[in-house]
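Reading through the structure tokens given below for one structure.
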Amino acid sequence: MQRTRLYNLFHLNLAFSSIPESERSRVLERCYWPLLYQARENACPIAIEASGWTLEQIDKLDQNMIAEIQQLIKDGLCEFIGSGYIQAIGPLMPAAVNASNQRIGIEVYKSLLGVVPRIALVNEQAFSSGLIQIYLEAGYEAIILDWASIYSTHKDWERSWGRCIQTAGDDRGNTIPIIWCDAIVFQRFQRYAHGENDLDELNSYISSRLEGSKDGFLAIYSSDAEIFDYRPGRYQTEPDIHPTGEWQRIGAMWRHLATRDDIFLTTPADILDNAINSANRQILKLPTASAPICVKKQPKYNIVRWAVTGRDDLALNTACWRIFEKLTIQSPSEAWREILELWSSDFRTHIDDARWKKIRQRVSEIACVPTLFFPSKAGNPLKIFDIKDTERSIICVSPNITVTLNKRRGCAVQAFGPRPGEDWWAGTIQHGFFDDIAWGADFYTNLLTCEIPGKPKVTDLQNCNPEIQPGDGFVDISMQIGSELGKIEKTIRINEYLPRIEVSYLLHWQEPLLGSLRMAHVTLNPKLFSHSRLSYRCHNGGTEPEIFEIFDKNINHGRPVSPLITCSTGLGLTEGWMDIGDETRRVKLEAPRTSAAMLGLITTQTIGGNRLVRASLSAREHDDTSHEARTEALPIRPLTYSYAIELSDSTS
């Protein structure tokens, strides 16, 4: 009889956002030691994953625990799974930092445990195709990813693929095996351990998930160890600790499963080594144009929660980018560890007051000097620019660029093209263009929008009287715009020699706000681009840009998940740009990371026979990590929000 392999993976994380530093010894006592005891007592093989940083903290608090983990590994009762030196969100960090995270993590694993892990758990299951090369170069043989969330964006896949090892591929032929875990299964495991379900219910559920799996595998647990016989305090509705002991209940479950003749408990490495059913193995591209970054669990857990929500994720990420800009390959290991710690995902979610205060102090000592997006140059009269300033518009024309700005709408871009006399590439789609009342609005380019729950929408689409200042190779158009929240300073720089517009905002209001703050909203000419050949590109933590084919898909990265969660996904832009277009025309949107590390958003919608295509930037969103009492600005604020729009004739 063929038996299905089951594995248990426990994520150990002493940086857990809502656990105070003073509680770490208690976590070892209540969570980690009982886990190790149950594995040995029940002779149940388990997998443990921890960052190098967490292992260092365990070593400081209790060296006997490190010794016990080593012994369990030697006894074949534990496999150690890697993840990096720190739990951080790879698609939001530059490739060099991702590589250093893996390199330093492996150094710590070798030093403290004497092992080099073969398999990596992707941090927070936040995966982009660009990370495949990072894991391969670090020496990993496979990665662990959540089947449930990824399958939800690939309904054309066969369900049976989730019971066998598959292969993740990128645009350049790099591939790495995937060992699936499953958020739905581990949530059922948690409910059993907490006493919400009994053993018979969990056993029946596991049996239902094994139907048709034959010689496959199933992860019955793949999440936090700190939630059994202990409560981190993230939520007001956390269940009471079960009186009989949750680790005792887990041990009882393992003993029961060991009596079944259709399964056996094992480790991820055993699954990798005994991978069969090769006919079912596929090379899969996991991200899609609609879901460019994969993240675990339900849609409310998305990349946005570590990018532009929290107490002040945007400013913290921007500080990290400013520090990174000063690092070199020759920088000491301590400098790389410092930036990795500051990029920890746990500083961006439910972090407690005491730890946030320390972060504020660390950031106040570094990264506080803003980067000038528009360097100053001596002003000289422009010789080839033709500038017309009318009551309604400012029109700038040279042999390399033609731009019309709408003075009655905050100098939104009415039309922007590379050459005089040609159709515009990016600009404003007028009200009434789409023959559908639901889309009966003006779709502007180069504007700011702010939405706070329960309050009117704030924009910079106001009548303005801008100042025009010629410079050396450019012209600056500056204005001040009033709003309900405060004054908006906006500067538009038009390049004389390139089809390029640079924009900066300085907001004179309290930040970070509790809501959504977006800008740019670059809108393509629906009559000019080939709808069937549309694509966008950007970097999400890797060395090479990722390519996403749009075709006829309707995409809305900025779509709210719920009234609490204002955005569903986004783009890391870890090289500071994204572009969108067809085979012959590309529109690039740059967003320098050291100015403000904003998130990229794509919107595409077919309306009748026409197509709305937009690229935007988000500086702030709202989710369960955003609370008024916890929204404290970091000392690098105020930030200058900067972006540039540039046109090119090809993808080269």
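The values are calculated or read from the model by the stated rules, or taken from the named source; none is laboratory data. Since this is a predicted model, take the numbers as computed values, not measurements. No Cβ is skipped: glycine too gets one built from the backbone with ideal geometry, and neighbour counts run over all protein chains shown.
Observations on the model:
- Members of the stretch 535-549 that are in contact with a Ser or Thr (Cβ under 7 Å, 6 or more places away or on another chain), of a type outside the set (S, T, N, Q) and either buried (at least 22 other Cβ atoms within 10 Å of the Cβ) or at positive phi (or both): His539, Gly541, Gly542, Glu546, Phe548
Here's the yes/no breakdown for (1) among the polar types (S, T, N, Q); (2) part of a loop (DSSP other than H, G, I, E, B):
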position	(1), (2)
Cys44	no, yes
Trp53	no, no
Ile58	no, no
Gln70	yes, no
Tyr85	no, yes
Asn101	yes, no
Ile106	no, no
Ser111	yes, no
Val116	no, yes
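- Here Phe548 meets the list (1) farther than 24 Å from Ser504 by Cβ; (2) touching a residue at least 24 places away in the same chain (Cβ under 8 Å); (3) assigned to a loop (DSSP other than H, G, I, E, B) almost entirely, failing just condition (3).
- Checklist (1) closer than 24 Å to Glu544 by Cα; (2) of a type in the set (A, V, I, L, M); (3) in contact with a strand residue (DSSP E or B) (Cβ under 9 Å, 6 or more places away or on another chain) applied to Leu113, failing item: (1)
- Here Pro399 fits the description: surrounded by fewer than 23 Cβ atoms within 10 Å (Cβ to Cβ) and either modelled with pLDDT of 95 or more or not assigned by TED's automatic domain parsing to the domain that holds Asp579 (or both).
- Just one of the listed residues (Leu506, Leu498) is over 29 Å from the mean Cα position of the chain (by Cα) and not small (Gly, Ala, Ser), and it is Leu498.
- For the stretch 194-237, residues that are assigned to a loop (DSSP other than H, G, I, E, B) and at pLDDT below 90 total 13.
- Criterion violated by Pro456 - all others in (1) at negative phi; (2) touching a residue at least 60 places away in the same chain (Cβ under 8 Å) satisfied: (2)
- Yes/no for Leu617 being under 25 Å from Asp312 (Cβ atoms) and either modelled with pLDDT of 95 or more or outside any loop (DSSP other than H, G, I, E, B) (or both): yes
- Of everything listed in (1) over 26 Å from Tyr140 (Cβ atoms); (2) crowded, with 22+ Cβ neighbours inside 10 Å; (3) modelled with pLDDT of 95 or more, the single unmet condition for Ile19 is (3).
- Listing of helices (runs of 4 or more DSSP H) fully contained in the stretch 263-372 that carry 2 or more residues being charged (D, E, K, R) and within 30 Å of Gly76 (Cβ to Cβ): 268-273
- Selection of strands (runs of 3 or more DSSP E) fully inside the stretch 131-191 by the criterion of at least 1 residues being among the hydroxyl-bearing types (Ser, Thr, Tyr) and surrounded by fewer than 17 Cβ atoms within 10 Å (Cβ to Cβ) returns 166-169, 175-181.
- Any chance Pro563 is buried (at least 17 other Cβ atoms within 10 Å of the Cβ) and not aliphatic (A, V, I, L, M): no
- Gln190 satisfies every condition listed in (1) polar (S, T, N, Q); (2) under 19 Å from Asp240 (Cβ atoms); (3) touching a residue at least 60 places away in the same chain (Cβ under 8 Å) except (3).
- Apart from one condition, Val308 fits all of (1) out of contact with any Asp or Glu (no Cβ under 8 Å at 6 or more places or on another chain); (2) surrounded by 24 or more Cβ atoms within 10 Å (Cβ to Cβ); the exception is (1).
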